[in-house]
Amino acid sequence: MTLLFKVDTDRGLAWKNLFERHASDIDVRFWPDVGAPHAVRYLATWQPPPNVP
C-alpha cells in the first residue's frame, strides 16, 4: 500500500518519519514522485493537483 503526500518538504518529512515508526508497512511517497500510480491507495494533500482521478 502506498500513501502519496503533496505537501511542503518539512511537513512531508515529519509525516514520513511518523509512518516509518508506527506503520512501516506503508510506502510513503512525495508528489510528483508517484511511482506506479496503481499502487497509490491514499493521497494526503491540502490542494489536490489538477487531473487526479
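The numbers here are math on the coordinates, done by the rules we state, and not lab data. These numbers were taken from a predicted model, which means no experiment stands behind them. All Cβ positions, even for glycine, are placed from backbone atoms using ideal geometry, and neighbour counts span all protein chains on display.
Observations on the model:
- Positions within region 1-18 being in contact with a helix residue (DSSP H, G or I) (Cβ under 8 Å, 6 or more places away or on another chain) and part of a loop (DSSP other than H, G, I, E, B), in sequence order: 1, 7
- Selection status of residue 41, outside any loop (DSSP other than H, G, I, E, B) and either surrounded by fewer than 12 Cβ atoms within 10 Å (Cβ to Cβ) or out of contact with any strand residue (DSSP E or B) (no Cβ under 8 Å at 6 or more places or on another chain) (or both): yes
- The set of residues in region 19-37 that are surrounded by fewer than 11 Cβ atoms within 10 Å (Cβ to Cβ), of a type outside the set (Lys, Arg) and not in a loop (DSSP other than H, G, I, E, B) comprises 22, 37.
- Given (1) exposed (fewer than 11 other Cβ atoms within 10 Å of the Cβ); (2) of a type in the set (Val, Ile, Thr); (3) in contact with a strand residue (DSSP E or B) (Cβ under 6 Å, 6 or more places away or on another chain), index of the condition residue 9 fails: (3)
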